[in-house]
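Undergrad: Structure in structure tokens, see below.
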Amino acid sequence: MQAPPAQKQWSVANQMSPQLIEVKSLSKDYSRLKVLQSVSFSLKENETLGLFGISGSGKTTIGRSLMLLEKPDSGEILFRGKDLLKMNKKEISLVRPKLQMIFQHPETSLNPKMKVQDSIAEPLIIHKNLSREEIHSEMKRLMRLVGLRPEHLERYPHQLSGGEIQRAILARIISLEPKFIVADEPTSMLDASVQAQILRLMMKLQNDTEVTYLFISHDLDVLRAVCDRIAYIEAGSIKSIEMNEEKRSWAEQVRDSE
Amino acid sequence: MALLEVSHLDVGFNTQLGSVQAVNDVSFQIKKGETLGLIGESGSGKSVIGMSLLRLLPMNACVKGEAFFEGKDLLTMKEKDLQKIRGERISFIPQNPTASLNPLLKNGLQVSEVFERKGHSKENSWKSALKVMERLMIRDPGLSAKKYPHQLSGGMRQRLVAGIALSLQPELVIADEPTKGLDSLTRGKTIEFFKHLEGDEDRAMLLITHDLDLAYEICDRLAVLYAGEIVEMGPAGELMDLPSHPYTRGLIKSLPKNGLIPLEGRSPSLLELPGGCYFGERCCHHKKECSCKHPQLKNSGAWQTRCHLN
């Protein structure tokens, strides 16, 4: 008879600060291998949650499940209280633009046969009813936002560096004004100095657009620098979620670097 | 006497847009048993230096300068003579272990073919391969040898590739980005493994990396590259603790644990290098002299810096 009050308390706390994403006991098996075992966590608006674990611990599977790229065996993924896994196609197509993902390998993230400008324009053409001129000016704004130069638009992905591609991906994603972005090791293939640029850019975008991040990484130093909370995952289950005291506010960081 | 003495190495690539000057006037020495780290961001010419020493670059590369290995110039010797050195006395651990292994051959065979090529019998080669794998801290070499590369983890593949490179006990090993894209646990094991290698006999190593922590832990000396030239070279510990070149300082500051402060701007195009200091535009201590005169490497003891300010 002792258990219910605790649960009640939890749901009261929940109502006080609305959660953007709630994951409840997500599980998935690949034949005999248990990849995810009852994974639960939640994310507030404008928050960054880090997901730390070694290769094969299931962090990418969690990220892909949240993006509906992977179908979990059981569990719920609530986006603003609605279960993504129970939605029909039409409902999903409405939510989909609000959920975006940055992949680990920049070199395989863009269509190699499309110029950067076409890759960036594509989501705008599909999801937004804009005229040609409007798309053009929107692209200019996005390029400025992510720090790419106009000459980059004319290039193909293989003519860009890893850091430049991640910027282009961010421009492409941000164009749809997402609420939630899963960043799966966005900087693990980049140099230290480029990594710093991309992480800073991601923080700046969060500051401007109040987007929520699930940041997947195997580099604790990186997570400590950018996350509000860090979840430690081991063999498919979350061992602990801790507040990250080391993260300093964006304003503080900008002040420091000046 | 130094084991390897590279002087005034220039590497250019002829492309449709003109000549890309990837390496500019690079000179360094590696003594017996010493580990030299080449650090710098991508495109700074680190890997090109490593490849040029063994003449592994594509046809459009134009290599100038000298690279003496035990008194013989690697860059001008006959291909036949180089073949006796390449793989046997100087070997190369390539950047991407997954792409460097043949996916259709069993792991053991990929190591033992090195010995077969040297004229050993199939049986003896297999035995030697198992010994190599055992020495490289590969668990249960007998079983791993019968598996295929895709059945190994990233860290194990890294070691297997290292094993192939080290099987003939070379005097100099060139390792290109051994920790790129590995997770922290595997990376830790790889660092441990390289430390173990370093302690081994009097083997010298040229470690090419952008992983500053790895460089700090393994190398005796470090050379920092920027836009194809060495901007700073010195003992590893001191250089990381008290860097004197503004670029090295910026690089160290950009690490997450040091505040994640990025370097402003981008490195110059290698098609058209600026007249003054290559780093000038991004440097916060920029002064007039920096944009008109190209700084030379200045010696002070074991330390070399290319900057007008020092």
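Undergrad: Between A and B, buried accessible area summed over both sides at probe 1.4 Å, in Å² to the nearest 100?
TA: Details: alone 14260 and 15330 Å², together 27680 Å².
In total, this chain pair buries about 1900 Å².
Undergrad: Need one value for A:186-192: mean number of C-beta atoms belonging to other chains within 10 Å of its residues' C-beta atoms.
TA: Details: counts 0, 1, 4, 3, 4, 12, 17.
Whole-number average of other-chain Cβ neighbours for A:186-192 is 6.
Undergrad: Could you check how much of the accessible area of chain A is carbon and sulfur, as a whole percent, using a 1.4 Å probe? Please report the intermediate quantities before stating the final value.
TA: On the way: 6730 of 13310 Å².
On chain A, the fraction of accessible area on carbon and sulfur atoms equals 51 percent.
Undergrad: Right, here's the next one. Could you state the principal axis extents of the C-alpha atoms in the protein assembly as shown, from the largest down, to the nearest angstrom?
TA: 80, 66, 43
Undergrad: Quickly estimate the mean residue ellipticity at 222 nm for chain A, helices only: each DSSP H run with n ≥ 4 gives -39500 (n - 2.57), and the total goes over all residues, rounded to 500.
TA: Working: 10 runs with 106 residues, N = 258.
Dividing the helical sum by the residues of chain A leaves -12500 deg cm²/dmol.
Undergrad: Give the angle, between 0 and 90 degrees and rounded to the nearest 10, that separates the Cα long axis of helix B:184-199 from the longest principal axis of the Cα atoms of chain B.
TA: Its long axis makes an angle of about 80 degrees.
Undergrad: What is chain A's relative contact order, in percent, from Cα pairs under 8 angstrom and six or more apart in sequence? Please list the in-between numbers first.
TA: Numbers: 424 pairs, mean separation 68.1, N = 258.
Dividing the mean separation by the residue count of chain A yields 26 percent.
Undergrad: For B:251-258, what's the mean count of beta carbons from other chains sitting within 10 Å of each residue's beta carbon? Intermediate results must be reported in sequence, preceding the final value.
TA: Values: counts 4, 2, 4, 9, 7, 15, 6, 4.
The shielding value for this peptide is 6.
Undergrad: Listed highest first by mean packing, meaning other Cβ atoms within 10 Å per residue, what order do A:92-104, B:286-298 come in?
TA: On the way: A:92-104: 17.1, B:286-298: 14.1.
Averaged packing, sorted descending, gives the order A:92-104, B:286-298.
Undergrad: Once the principal axes of the Cα atoms of segment B:106-169 are found, what is the range along each, listed largest first in whole angstroms?
TA: Reported extents, whole Å, longest axis first: 31, 21, 16.
Undergrad: Roughly how crowded by other chains is peptide B:40-46, in terms of the mean Cβ count from those chains within 10 Å of each of its Cβ atoms? Walk me through the numbers on the way to the answer.
TA: On the way: counts 2, 7, 8, 2, 1, 0, 0.
Neighbouring Cβ atoms belonging to other protein chains average 3 per residue here.
Undergrad: Another one. Quick check on my link table: of B:K84/B:K118; A:K28/A:K59; A:K34/B:K106; B:K46/B:K298, which ones sit more than 18 Å apart, alpha carbon to alpha carbon? Please list the in-between numbers first.
TA: Numbers: B:K84/B:K118 11 Å; A:K28/A:K59 12 Å; A:K34/B:K106 28 Å; B:K46/B:K298 21 Å.
Pairs exceeding the cut-off: A:K34/B:K106; B:K46/B:K298.
Undergrad: Leaving out ligands and nucleic acids, and using a 1.4 Å probe, what accessible area per residue does the protein assembly as shown come to in Å²?
TA: Values: 27680 Å² over 568 residues.
That works out to 49 Å² per residue.
Undergrad: What number, in percent, do you get for the relative contact order of chain B if the mean sequence gap of Cα pairs under 8 Å and at least 6 apart is divided by its residue count? Before the final figure, lay out the partial values.
TA: Working: 577 pairs, mean separation 63.4, N = 310.
For chain B, the relative contact order is 20 percent.
Undergrad: If the cut-off is a Cα-Cα distance under 20 Å, which aspartates and glutamates reach A:K44, setting aside same-chain residues fewer than 8 apart in sequence?
TA: Filter leaves A:E22, A:E76, A:D83, A:E177, A:D184, A:D208, A:E210, A:D228, A:E242, A:E245, A:E246.
Undergrad: May I pose another question? Under a cut-off of 16 Å between alpha-carbon atoms, report the aspartates and glutamates in cross-link reach of B:K122, not counting same-chain residues fewer than 8 places apart.
TA: Candidates past the 8-residue exclusion: B:E113.
The values are calculated or read from the model by the stated rules, or taken from the named source; none is laboratory data. Note that the structure is predicted; figures quoted are calculated from it, not measured. Every residue, glycine among them, receives a Cβ derived from its backbone with ideal geometry; neighbour counts consider all protein chains shown. When the accessible area is computed, the model is the full protein with side chains, heavy atoms only, and any ligands, DNA or RNA have been set aside. Shrake-Rupley method; radii C 1.70, N 1.55, O 1.52, S 1.80 Å.
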